[in-house]
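The values are calculated or read from the model by the stated rules, or taken from the named source; none is laboratory data. Computed from a prediction, not measured in an experiment: that's the story for all the values here. All Cβ positions, glycine included, derive from the backbone under ideal geometry; neighbour counts span all protein chains shown.
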Amino acid sequence: MASSSIGKRQREQAKKAKADAKRQRRQHNLDAHLDEEPCGEAWRSVTARESTEDLLATIAELHRQRDAGTVTFDDFEAQKADLLARLVVD
């Protein structure tokens, strides 16, 4: 019984370490991306606490800009991919 508790604890610690590493990679990528020059009005600075509703509203605005022709297709695709990657799925 004690060995299963130790195993469970080790699995939980490994899972937490993996999640922490993933969070750090995302933050690093976000910091690197925020240093770039924005290429459209739909682009906004992003914080780690940005809500799903905010992201979806930004994606909708990006679609409107693409339809209006104010954002190039390449910029649209890049920004959309970045925004979709930030959505948190529970």
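What to note about this one:
- Only residues that are surrounded by 18 or more Cβ atoms within 10 Å (Cβ to Cβ), of a type outside the set (Phe, Trp, Tyr) and part of a helix (DSSP H, G or I) were counted across region 66-83, and they come to 4.
- When region 46-78 is filtered for residues that are at pLDDT below 90 and in contact with a helix residue (DSSP H, G or I) (Cβ under 6 Å, 6 or more places away or on another chain), the ones remaining, listed by number, are Leu55, Val71.
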